[in-house]
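Student: Take this structure, written in structure tokens, and hold onto it; I'll ask about it next.
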Amino acid sequence: HPPLPPTTQELGPCEGAARCKARATLRWAAMAKHHPDLIMCRKQCGIAIGRLCEKCDGKCVICDSYVRPSQLARICDECNYGSYQGRCVICGGAGISDAFYCRECCQCEKDRDGCPKIVNLGTAKTDLFYERKKYGFKQRQ
């Protein structure tokens, strides 16, 4: 067997901190904070400004924080093309307000990681869809 990598206790203070920071960077690269199964687009941003629906209004597009909105969230041209234009960056609903990054995400430079649009549904929404289909629930009218 190959030798195991040293643990954080065996490393010096700087090496351990660098490893923790690299692990945190990997964790933030492709998902929203409270939904580990959601994947973001992360392509180079264009000039289009992201939008948020009524349900997601006021959230930071990265960490779901409601405090200190700081910088406008820009999305790539593919995520703003055709019927996707004006849609919510987080859930895909009809957008009513501009999307912002919170101050903490701007300080950590998470606003420079690329397009923050969520590109997959996630397990919670797919499970809900199949549960409704199984029991035959209809939408309210």
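The values are calculated or read from the model by the stated rules, or taken from the named source; none is laboratory data. Worth saying up front: this structure is predicted, and the values here are computed from it rather than measured. Every residue, glycine as well, gets a Cβ built from its backbone with ideal geometry; the counts of neighbours run over all protein chains shown. Note: areas computed on protein heavy atoms with side chains; ligands, DNA, RNA excluded. Shrake-Rupley method; radii C 1.70, N 1.55, O 1.52, S 1.80 Å.
Student: So D57 ticks every box in (1) outside any loop (DSSP other than H, G, I, E, B); (2) modelled with pLDDT of 90 or more but one. Which box is left unticked?
Tutor: (1)
Student: Going by the structure shown, is D77 touching a Phe, Trp or Tyr at 6+ places or on another chain (Cβ under 9 Å) and farther than 22 Å from A124 by Cβ?
Tutor: Working: touching a Phe, Trp or Tyr at 6+ places or on another chain (Cβ under 9 Å): no; farther than 22 Å from A124 by Cβ: yes.
Against the criterion (touching a Phe, Trp or Tyr at 6+ places or on another chain (Cβ under 9 Å) and farther than 22 Å from A124 by Cβ), D77 does not qualify.
Student: Taking the criterion of being closer than 17 Å to A99 by Cβ, basic (K, R) and modelled with pLDDT under 85, would at least one residue in region 21-44 satisfy it?
Tutor: So far as region 21-44 goes, yes, one or more of its residues are closer than 17 Å to A99 by Cβ, basic (K, R) and modelled with pLDDT under 85.
Student: Under the condition of being open to solvent by 30 Å² or more (accessible area, probe 1.4 Å) and assigned to a loop (DSSP other than H, G, I, E, B), which residue from region 93-130 is modelled with the lowest pLDDT?
Tutor: Checked region 93-130; the qualifying residue modelled with the lowest pLDDT is L121.
Student: Given the conditions (1) on the phi > 0 side of the Ramachandran plot; (2) more than 12 Å from the chain's Cα centre (by Cα), which single one is not true for G122?
Tutor: Of everything listed in (1) on the phi > 0 side of the Ramachandran plot; (2) more than 12 Å from the chain's Cα centre (by Cα), G122 misses just condition (2).
Student: Of all the residues that make up region 36-52, how many are in contact with a Ser or Thr (Cβ under 9 Å, 6 or more places away or on another chain) and surrounded by fewer than 20 Cβ atoms within 10 Å (Cβ to Cβ)?
Tutor: Kept after step one, since they are in contact with a Ser or Thr (Cβ under 9 Å, 6 or more places away or on another chain), are these residues of region 36-52: 37, 51-52.
Among the residues that remain, those that are also surrounded by fewer than 20 Cβ atoms within 10 Å (Cβ to Cβ) are: 37.
Here the count works out to 1.
Student: Of the residues that make up region 70-90, is at least one hydrophobic (A, V, I, L, M, F, W, C), open to solvent by 80 Å² or more (accessible area, probe 1.4 Å) and either assigned to a loop (DSSP other than H, G, I, E, B) or touching a residue at least 24 places away in the same chain (Cβ under 8 Å) (or both)? Explain how you work it out, then say what you get.
Tutor: First, pick out the residues of region 70-90 that are hydrophobic (A, V, I, L, M, F, W, C): 72-73, 75-76, 79, 88-90.
Subset that is open to solvent by 80 Å² or more (accessible area, probe 1.4 Å): none.
No, region 70-90 contains no residue that is hydrophobic (A, V, I, L, M, F, W, C), open to solvent by 80 Å² or more (accessible area, probe 1.4 Å) and either assigned to a loop (DSSP other than H, G, I, E, B) or touching a residue at least 24 places away in the same chain (Cβ under 8 Å) (or both).
Student: Right, here's the next one. If K110 satisfies all but one of (1) touching a residue at least 60 places away in the same chain (Cβ under 8 Å); (2) over 15 Å from the mean Cα position of the chain (by Cα), what's the number of the condition it fails?
Tutor: Of the numbered conditions (1) touching a residue at least 60 places away in the same chain (Cβ under 8 Å); (2) over 15 Å from the mean Cα position of the chain (by Cα), the odd one out for K110 is (2).
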